[in-house]
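Since the structure comes first, as C-alpha cells, the remarks are kept for the end.
Each value in this text was obtained by applying a stated rule to the coordinates, not by laboratory testing. Predicted model, so just to flag it, every value in this text is computed and none were measured. Backbone-built Cβ (ideal geometry, glycine too); neighbour counts: all protein chains shown.
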Amino acid sequence: MNSRNVAILSLAGVALAFGITLAQREYKSGIVFPEPKVITPGEKPGDAPSDATVLFDGKDLSKFVNGDKWEIKDGYAVCQKTDITTKESFGDVQIHLEFATPEKVAGSGQGRGNSGVYIMGHYEVQILDSYDNKTYFDGQCASLYKQQPPMVNACRKPGEWQTYDILFEAPKFAEDGKVLRPAICTVLHNGVCVQNHTELIGGTYYDQPAKYEKHAAKLPFRLQNHSNPVKFRNIWVRDIATLVGTAPEKK
Ligand code: MG
C-alpha cells in the first residue's frame with residue numbers, strides 16, 4: 001500500500017470515528033402537534049373505520065329524514081318518492097357511499113339513473129348512469145353539477161355497484177355573507193380520482209348560475225330522488241379536521 005492510499009484510509013477512519021458528529025443535523029420545525037388519534041381502519045377497502053358514523057348499514061334509513069319512504073331489501077335501499085336527508089349536520093367531511101344505477105336501462109341523458117349527493121343541501125356530486133350515455137359533461141356522473149366535469153368517466157355498467165369517496169371542505173363566510181373560503185371537493189369514483197380539490201363557485205342549480213348564499217358551518221346532506229330507482233348501500237361519514245400545531249415562541 002502506498003502512502004497516498006494509507007492517507008485516504010486514515011481519513012476514512014477518522015470520518016467513521018466521528019461519523020455521528022459529522023452527520024447532518026436533523027431539522028425539526030419546533031411546532032408542537034397533538035398526537036393523531038389511533039383508529040382502526042375498515043377490514044377491507046370501503047368498510048367503515050372505527051371513527052366513522054355509519055348512516056346506512058343495509059338495515060334501515062332511520063338516520064335520514066324521510067328514510068322510511070325508500071324501499072329497503074337485501075341490504076340496500078332503493079330511491080323512490082322523495083329525497084332523503086341526514087338528521088345529522090356536517091361541515092368538513094369524508095363521505096363513503098355505494099350506489100348502483102338501474103340494471104334495466106331506461107331513459108337517456110339526465111333521465112337515466114339520476115340521483116345525487118347534495119352536500120350541505122347545496123352542492124351536488126352528480127349520480128347518473130353515464131355508462132355509454134352522453135349528456136352535458138358538467139352534468140355527467142361524478143360531475144360537480146353544472147360546474148366541473150369529472151376528469152375521467154370511471155362509471156361501471158348499469159346495475160353494478162360503484163363507490164364514491166368524497167372529501168368535502170365546507171365554505172366559510174364572513175358575517176356579511178362574503179365568501180372567505182369556497183367549498184372544496186375531492187371525489188374518488190370507484191377508487192379513481194375524478195375531482196381533485198375542485199373549488200366550487202357556489203351552490204349547484206339546474207335553472208340558475210352557481211352562486212353562494214351564506215349558510216351554517218354544518219348542514220345535513222341529502223340523496224336526491226330523480227324518479228329513477230338508484231340503489232344505495234354502505235353509507236358512512238367522518239368529520240375531518242387538519243391537526244393544528246403550536247409554533248414555538250419567537251425569541
Ligand atoms: Mg342528480
Query - Residue check for GLY67: within 16 Å of the ligand (Cβ to nearest atom), without any contact (Cβ under 8 Å) to a residue 40 or more places away in the chain, over 26 Å from HIS197 (Cα atoms) and surrounded by 13 or more Cβ atoms within 10 Å (Cβ to Cβ) - result: no
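Working only within the stretch 175-192, note down all residues that are hydrophobic (A, V, I, L, M, F, W, C) and surrounded by fewer than 11 Cβ atoms within 10 Å (Cβ to Cβ).
LEU180
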Query - Residue ID - nearest to SER108 (Cα to Cα), chosen from residues in the stretch 199-251 that are small (Gly, Ala, Ser) and more than 16 Å from the ligand (Cβ to nearest atom) - result: GLY202
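Taking the criterion of being more than 13 Å from the ligand (Cβ to nearest atom) and over 18 Å from the mean Cα position of the chain (by Cα), would at least one residue in the stretch 115-132 satisfy it?
Yes, because at least one residue in the stretch 115-132 is more than 13 Å from the ligand (Cβ to nearest atom) and over 18 Å from the mean Cα position of the chain (by Cα).
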Query raised in the report: When ASP138 is evaluated against the numbered criteria (1) more than 20 Å from GLY46 (Cβ to Cβ); (2) without any contact (Cβ under 8 Å) to a residue 24 or more places away in the chain; (3) part of a strand (DSSP E or B), which criterion, by number, is the only one it fails?
Result: (3)
